[in-house]
Amino acid sequence: MALDKIPFVIASSNKGKVKEFRNLLSDLPLDFIDQPEGLNVEETGKTFEENARIKAIAVSEKTGFLSLADDSGLSVEALDGAPGIHSARYAKSDKDRVYKILKELEPFSNRKAKFECALCIASNNKVLLEVTGSCEGSITFSPRGKNGFGYDPIFEVDSLGVTFAEMNHYRKKEIGHRGNAFKLIKSELEKLLLSLKD
Ligand code: ITT
């Protein structure tokens, strides 16, 4: 463990999310630890916020360390908010999920969508910080771009005209749902880390 750094578990098995978090948190004095291999936390909540809480608490209990969980997803207006909290399981692969949305949206002219991200930081079975961020956009007619993960190739950000998958990670950090949520929690997290060092 690096000297003076606080052990911090990113409670996620999604490699795309973990990569984004490592970038978002890179200037904080944290010693990143993967969540225990094979750990499968059942997401029984009905909202992003509830699921983020369930994951953060479970991983902090299991590891004994400060844990950050994210529950996130894409909500498409014309599909009554689907896939929403079911984003990860909407079809069997990222590619299938992307084409399922494109197919389902064919009859609609309204292509408005939004990404949401609930973050929760927990320790010792207790929620310490929680917040939600979002990013508004629309669904493209075909996938574009090679960066990012999940639904990034079909999500075009309002006003920019490019998909998340067409931007570099600095830009996604600046305007994306995860970056927006993180902006709301960052100063509180810094205070929390300082209090843990005392
Ligand atoms: P963990 O629960 O282990 O963190 P997960 O992938 O199951 O991993 P979620 O239940 O929060 O995570 O599901 C989020 C899904 O929403 C994710 O699998 C993607 O399909 C999608 N998603 C979330 N954020 C995204 C982003 O920034 N870009 C593209 N797709 C995203």
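The values are calculated or read from the model by the stated rules, or taken from the named source; none is laboratory data. This structure is a prediction, so every number in the text was calculated from the model and none was measured. Glycine gets a Cβ as well: all are built from the backbone with ideal geometry, and neighbour counts include every protein chain shown.
Given the options Asn125, Asn110, name the one that is in contact with a helix residue (DSSP H, G or I) (Cβ under 6 Å, 6 or more places away or on another chain), more than 21 Å from Phe21 (Cβ to Cβ) and in contact (Cβ under 8 Å) with a residue 60 or more places away in the chain. Write out each step before concluding.
Working: Asn110 fails: in contact (Cβ under 8 Å) with a residue 60 or more places away in the chain.
None of the other options fit; the residue is Asn125.
Being without any contact (Cβ under 8 Å) to a residue 60 or more places away in the chain and hydroxyl-bearing (Ser, Thr, Tyr) is the requirement here; does Ser60 meet it?
Here the answer is no, as Ser60 does not meet what is asked.
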Quiz item: List the pairs whose first member sits in the stretch 68-96 and is more than 7 Å from the ligand (Cβ to nearest atom), whose second member is acidic (Asp, Glu) and assigned to a loop (DSSP other than H, G, I, E, B), and whose Cβ atoms are under 7 Å apart, counting only residues at least 6 apart or on separate chains?
Solution: none
Quiz prompt | Residue count, the stretch 24-49 (criterion: among the charged types (D, E, K, R) and more than 12 Å from the ligand (Cβ to nearest atom)) | solution = 4
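Rundown of residues vs (1) among the small types (Gly, Ala, Ser); (2) in contact with a Phe, Trp or Tyr (Cβ under 7 Å, 6 or more places away or on another chain); (3) assigned to a loop (DSSP other than H, G, I, E, B); (4) at pLDDT 95 or above, yes/no style:
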| position | (1), (2), (3), (4) |
| --- | --- |
| Asn40 | no, no, yes, no |
| Ser60 | yes, no, no, yes |
| Leu74 | no, yes, no, yes |
| Ala78 | yes, yes, no, yes |
| Ala91 | yes, no, yes, yes |
| Lys95 | no, no, no, yes |
Quiz item: Of all residues in the stretch 100-149 being among the polar types (S, T, N, Q) and surrounded by 15 or more Cβ atoms within 10 Å (Cβ to Cβ), which is farthest from Leu24 (Cα to Cα)?
Solution: Thr140
